[in-house]
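Shown next, in structure tokens, is the structure this report addresses.
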Amino acid sequence: MTRAEQSPTAADSGASATQVFRANQQYHVGDGASPERVSAVVKALLDGVHETIRTYEVTYSEFQAAKQWLIEVGEGGEWPLFLDVFVEHEVEEVAAAGQQGSKGSILGPYYVPDAVKLPSVTSLPMRADEQGRRLVFAGQVLDTGGAPVAGAELDIWHADHEGYYSGFAPHLPEGNLRGVVVADDDGRFEISTIEPAPYQIPTDGPTGQLVQAAGWHPWRPAHLHLIVRAPGYRPITTQLYFAGGNWLDNDVAQATKPELVLDPQPQSDGTARQEYDFVLEPTSQ
Ligand code: DHB
Ligand code: FE
């Protein structure tokens, strides 16, 4: 069996997530924070660790097992997966405080920049035999004053009918179910795709092992990822979920919000259709 035919593993998705993060982000230790802030934040974090050790009377063998696990998360390239599932939702909430426009949600580890540009009306790139209910996702990008945002970009990506993302699962073609859709002069867009399946944290890596050891579940509800952007506006990174879908009420990543739940309506041609408008906040008034 060739590598391309193998089923996706945590090692594949973890290593790719770390590579993609490194390629796209140029952050370094200490960037953008004063020594006072580094000291205060890291001290608070360590205080929490020390407090937990005292409260639970953590043993030497548990401490060494934790060290081993941390080493494996790094070696498996799973830090982007772990941090985006268990930490990013809180960073997103803090970042969104006081902002106007459509609700956002976490970026997650599976964004790949520079997807193919597709003028609306369009279909996302997909395999000839792509499985899943056909979904037409259409709407308008407006500003906070209600005016259309001509030529806004909807950078959209999502998992396939089995919950796998292209670029992070070797059996999927590059760029599958990813695109930068360009809205028309009225800010309108219409995107044909398929409905994704729920996403499962890979169970064969250290993050999955932790989830299992704790007796938690490893699932996120099915979702579309979007970054909606236009020059002069604050970009919105968000996710959209599906009413009635599994795990909607207990997302392992705690990244659902009531405003972000779609309810696509079945059409006579067998597709499901969803209208959804986005509102962007100007960066300068
Ligand atoms: C993770 C995966 C996702 O698809 C997502 O949207 C957020 C987080 C993860 O595995 O970390
Ligand atoms: Fe996702």
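So for the range 203-221 (the condition being in a loop (DSSP other than H, G, I, E, B) and in contact with a His (Cβ under 9 Å, 6 or more places away or on another chain)), does at least one residue qualify? Checking the range 203-221: not a single residue is in a loop (DSSP other than H, G, I, E, B) and in contact with a His (Cβ under 9 Å, 6 or more places away or on another chain).
Give the residue that is most open to solvent (accessible area, probe 1.4 Å), with candidates limited to residues of the range 202-243 that are β-branched (Val, Ile, Thr) and within 15 Å of ligand 1 (Cβ to nearest atom). Only one residue fits best here, namely THR203.
Just one of (1) within 16 Å of ligand 2 (Cβ to nearest atom); (2) not in a helix (DSSP H, G or I) fails for HIS28. It is (1).
Any residue at all in the range 265-283 that's surrounded by 11 or more Cβ atoms within 10 Å (Cβ to Cβ), assigned to a loop (DSSP other than H, G, I, E, B), out of contact with any helix residue (DSSP H, G or I) (no Cβ under 7 Å at 6 or more places or on another chain) and among the basic types (Lys, Arg)? There is no residue in the range 265-283 that is surrounded by 11 or more Cβ atoms within 10 Å (Cβ to Cβ), assigned to a loop (DSSP other than H, G, I, E, B), out of contact with any helix residue (DSSP H, G or I) (no Cβ under 7 Å at 6 or more places or on another chain) and among the basic types (Lys, Arg). Residues of the range 164-177 include at least one that is open to solvent by 10 Å² or more (accessible area, probe 1.4 Å) and among the aliphatic types (A, V, I, L, M). Would you mind stating whether TYR199 is within 27 Å of THR271 (Cα to Cα), buried (at least 17 other Cβ atoms within 10 Å of the Cβ), hydroxyl-bearing (Ser, Thr, Tyr) and at pLDDT 95 or above? Against the criterion (within 27 Å of THR271 (Cα to Cα), buried (at least 17 other Cβ atoms within 10 Å of the Cβ), hydroxyl-bearing (Ser, Thr, Tyr) and at pLDDT 95 or above), TYR199 qualifies. For the range 234-259, the set of residues classified as within 16 Å of ligand 2 (Cβ to nearest atom), of a type in the set (D, E, K, R) and in contact (Cβ under 8 Å) with a residue 60 or more places away in the chain consists of LYS257 only. Based on what the data block shows, is GLY101 of a type in the set (Gly, Ala, Ser), open to solvent by 30 Å² or more (accessible area, probe 1.4 Å), free of Cβ contacts under 8 Å to residues at least 12 places away in the same chain and over 21 Å from GLN25 (Cβ atoms)? Against the criterion (of a type in the set (Gly, Ala, Ser), open to solvent by 30 Å² or more (accessible area, probe 1.4 Å), free of Cβ contacts under 8 Å to residues at least 12 places away in the same chain and over 21 Å from GLN25 (Cβ atoms)), GLY101 does not qualify. Looking at the range 121-144, can you tell me whether even one residue there is more than 16 Å from ligand 1 (Cβ to nearest atom), among the hydrophobic types (A, V, I, L, M, F, W, C), open to solvent by 30 Å² or more (accessible area, probe 1.4 Å) and within 21 Å of the chain's Cα centre (by Cα)? Yes, the range 121-144 contains a residue that is more than 16 Å from ligand 1 (Cβ to nearest atom), among the hydrophobic types (A, V, I, L, M, F, W, C), open to solvent by 30 Å² or more (accessible area, probe 1.4 Å) and within 21 Å of the chain's Cα centre (by Cα). Of all residues in the range 95-135, those satisfying the criterion of being more than 16 Å from ligand 2 (Cβ to nearest atom), β-branched (Val, Ile, Thr) and in contact with an Asp or Glu (Cβ under 9 Å, 6 or more places away or on another chain) are VAL121, THR122. Would you check if there is a residue in the range 75-85 being under 22 Å from ARG22 (Cβ atoms), more than 16 Å from ligand 2 (Cβ to nearest atom), buried (at least 20 other Cβ atoms within 10 Å of the Cβ) and touching a residue at least 12 places away in the same chain (Cβ under 8 Å)? For the range 75-85, residues under 22 Å from ARG22 (Cβ atoms), more than 16 Å from ligand 2 (Cβ to nearest atom), buried (at least 20 other Cβ atoms within 10 Å of the Cβ) and touching a residue at least 12 places away in the same chain (Cβ under 8 Å): present.
Among the residues of the range 57-70, is there at least one that is within 16 Å of ligand 1 (Cβ to nearest atom), small (Gly, Ala, Ser) and either outside any helix (DSSP H, G or I) or open to solvent by less than 60 Å² (accessible area, probe 1.4 Å) (or both)? Within the range 57-70 (the criterion being within 16 Å of ligand 1 (Cβ to nearest atom), small (Gly, Ala, Ser) and either outside any helix (DSSP H, G or I) or open to solvent by less than 60 Å² (accessible area, probe 1.4 Å) (or both)), the answer is no, since none of the residues qualifies. Once the range 246-263 is narrowed to residues that are within 14 Å of ligand 1 (Cβ to nearest atom), assigned to a loop (DSSP other than H, G, I, E, B) and at negative phi, the residue that is surrounded by the most Cβ atoms within 10 Å (Cβ to Cβ) is ALA255.
The values are calculated or read from the model by the stated rules, or taken from the named source; none is laboratory data. Worth saying up front: this structure is predicted, and the values here are computed from it rather than measured. With ideal geometry, Cβ positions are generated from the backbone for all residues, glycine too; neighbour counts draw on all protein chains shown. SASA here: full protein model, heavy atoms, side chains in, ligands and nucleic acids out. Shrake-Rupley method; radii C 1.70, N 1.55, O 1.52, S 1.80 Å.
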